[in-house]
Every structure is written in C-alpha cells, then in structure tokens.
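Heads up: the structure comes next, in structure tokens.
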Ligand SMILES: Nc1ncnc2c1ncn2[C@@H]1O[C@H](COP(=O)(O)OP(=O)(O)O)[C@@H](O)[C@H]1O
Ligand SMILES: [Mg+2]
C-alpha cells in the first residue's frame with residue numbers, strides 16, 4: 001500500500017521570484033490527521049495547492065500512489081478535497097444544494113445522483129435545512145460546513161483544510177472540530193489554532209522558510225511554534 005500522500009523534495013518559485021517551497025518532504029498514512037503549523041508566509045498554503053495540482057513545482061507529489069500531473073489530475077481530485085481558507089471563494093452557485101452538487105456533477109455523475117450525493121453530504125455536516133438557501137446568506141461557520149460538504153460529495157479519501165477556524169467564533173470552532181473528528185477520512189489541517197490541532201491531530205509538521213523544519217506531537221510543535229512567534233526576526 002503506498003502512503004496516501006508522498007511528497008519528496010518539493011520546490012516552488014512564484015513568478016515574482018519568491019521561493020515559497022524549498023525542499024518539502026512529507027508523508028500521510030491512511031487514517032492520519034496531521035496539523036501543518038508555521039508562521040504566515042512559511043509555505044503551508046503553497047504546499048496544499050500542490051496536493052491537488054493547482055500549482056506544480058519541482059519534485060515528487062503522489063496522492064494514493066498517483067503522480068499529481070495533468071494526466072492524473074481528474075482522478076487525484078476525486079481522492080483529495082481542498083477547503084480553502086476563504087470558503088466564500090468556493091461557493092458560487094445560486095443555492096447551497098447546487099454548490100454541493102457541483103463536484104459530483106463535474107466528475108460525471110448524473111444530476112439526480114449528484115443531488116443525492118449533495119444531500120447526503122449536507123446531512124454529514126448538519127446543513128440539510130439550508131439546501132435551498134443562497135450561500136451568501138449563510139454565517140461563516142455555515143459556509144465552512146457547506147464548503148466541506150462540497151468536497152465530501154465527491155467522496156474523497158483525504159481532506160485538506162486551510163485555516164478552517166479563522167472566521168469562526170469559539171462555539172463554531174468547537175463544532176467544526178466535532179464535525180471533523182466524526183469524518184473517517186485522513187486529514188491535513190493547516191492551522192494556528194492549537195486547541196483545534198490538539199483535539200484532532202496525532203502529529204504536526206512545522207513549516208519554516210518553505211520546508212518542514214520539524215515534526216512531532218502537536219504539543220511539542222506548539223511550544224516550538226509559539227517560540228518562533230516570540231523570536232526576533234533576522235534583518
Ligand atoms: N501568488 C503569489 N505570488 C508571489 N508570492 C506568493 C504568492 N502567494 C504566496 N506567495 C509567497 O510565498 C510564500 C509562502 O506563502 P504561503 O504559501 O501563502 O504561506 P502560508 O500559507 O504558510 O502563510 C510567502 O513568502 C508569500 O508571500
Ligand atoms: Mg496560508
């Protein structure tokens with residue numbers, strides 16, 4: 001069995017010359033939930049965008065044994081679902097139901113089957129009652145749930161959430177942690193929220209300057225992480 005995710009020596013430079021990833025090595029095994037920690041600008045989002053081929057750098061990125069490349073991209077995107085930090089950018093249809101059905105429809109399921117999948121996914125996130133609503137009328141927490149339903153509707157093996165608690169109030173953060181802990185998929189959670197990471201993740205990887213500088217338990221990495229924020233910046 002290959003690992004769910006295997007990344008080796010990943011490097012990526014943006015067009016303006018910023019080297020955002022500088023040799024990332026990472027592995028995710030079945031059933032794992034891993035936190036990606038690290039200061040703003042350390043490369044976490046850029047890394048996540050490589051996992052489903054939204055960006056493509058140098059090095060190896062494999063998802064469920066498939067190289068992430070144009071040939072495999074459709075299959076890769078069935079295996080791994082990304083929820084962006086700003087859920088609003090992911091919600092663009094007139095109704096919640098259409099939004100959540102978009103993924104399965106896009107992967108070739110019939111409209112009926114797609115709507116059925118969407119209703120099941122909305123049930124998983126406790127949002128069945130909002131199916132007919134306009135996404136922009138929802139609260140931040142509800143939008144996050146709907147965005148998660150949108151990826152669950154495609155039935156992925158891996159969920160990647162980029163700073164999912166950022167726009168949520170404390171009850172919303174706890175509710176999201178509960179929701180995620182009930183989902184069987186392997187997960188990557190990019191977060192600055194230590195209670196959230198501690199509640200969900202068995203392992204944490206700490207990003208610094210475009211690479212994973214350290215890995216360990218959430219508690220170990222949290223100590224490291226807080227230290228990093230307190231440390232003076234080099235000129
Ligand atoms: N579209 C972009 N163009 C140029 N540089 C970018 C772009 N997006 C991010 N960066 C830069 O890449 C580095 C990593 O950013 P990012 O992956 O967003 O970090 P994080 O998610 O850890 O905050 C930063 O230096 C950031 O300024
Ligand atoms: Mg980011």
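What the table shows:
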quantity: For residue 183: the one exception among (1) within 16 Å of the chain's Cα centre (by Cα); (2) buried (at least 20 other Cβ atoms within 10 Å of the Cβ); (3) away from ligand 1 (no atom under 16 Å from the Cβ); calculated: (2)
quantity: Unmet criterion (only one of (1) part of a helix (DSSP H, G or I); (2) buried (at least 17 other Cβ atoms within 10 Å of the Cβ); (3) modelled with pLDDT under 95) for residue 168; calculated: (1)
quantity: Considering residues of region 28-52 that are crowded, with 19+ Cβ neighbours inside 10 Å and away from ligand 1 (no atom under 16 Å from the Cβ) only, the residue nearest to the chain's Cα centre (by Cα); calculated: 33
quantity: Per-region count, region 53-85, residues under 16 Å from residue 164 (Cβ atoms) and within 15 Å of ligand 1 (Cβ to nearest atom); calculated: 4
quantity: Matching entry among 41, 17, 59 (being on the phi > 0 side of the Ramachandran plot and in contact with a strand residue (DSSP E or B) (Cβ under 8 Å, 6 or more places away or on another chain)); calculated: 59
quantity: Check on residue 175, outside any loop (DSSP other than H, G, I, E, B), closer than 21 Å to residue 86 by Cβ and within 16 Å of ligand 1 (Cβ to nearest atom); calculated: no
quantity: Selection status of residue 100, crowded, with 20+ Cβ neighbours inside 10 Å, at pLDDT 95 or above and more than 25 Å from residue 64 (Cβ to Cβ); calculated: no
quantity: Residue list for region 153-172, filter: away from ligand 1 (no atom under 16 Å from the Cβ) and in contact with a strand residue (DSSP E or B) (Cβ under 7 Å, 6 or more places away or on another chain); calculated: 154, 156, 157, 158, 159
quantity: Test: residue 20 is within 12 Å of ligand 1 (Cβ to nearest atom), farther than 21 Å from residue 150 by Cβ, touching a residue at least 12 places away in the same chain (Cβ under 8 Å) and assigned to a loop (DSSP other than H, G, I, E, B); calculated: no
quantity: Lone unmet requirement of (1) more than 23 Å from residue 5 (Cα to Cα); (2) within 16 Å of ligand 1 (Cβ to nearest atom); (3) touching a strand residue (DSSP E or B) at 6+ places or on another chain (Cβ under 9 Å) for residue 90; calculated: (2)
quantity: Output for region 80-97, where each listed residue is more than 23 Å from residue 68 (Cβ to Cβ) and in contact with a helix residue (DSSP H, G or I) (Cβ under 8 Å, 6 or more places away or on another chain); calculated: 87, 88, 91, 92, 93, 95, 96, 97
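The values are calculated or read from the model by the stated rules, or taken from the named source; none is laboratory data. From a predicted model like this one, the values you see are computed outputs, not experimental measurements. For neighbour counting, all protein chains shown are included, and Cβ atoms are generated from backbone atoms with ideal geometry for every residue, glycine included.
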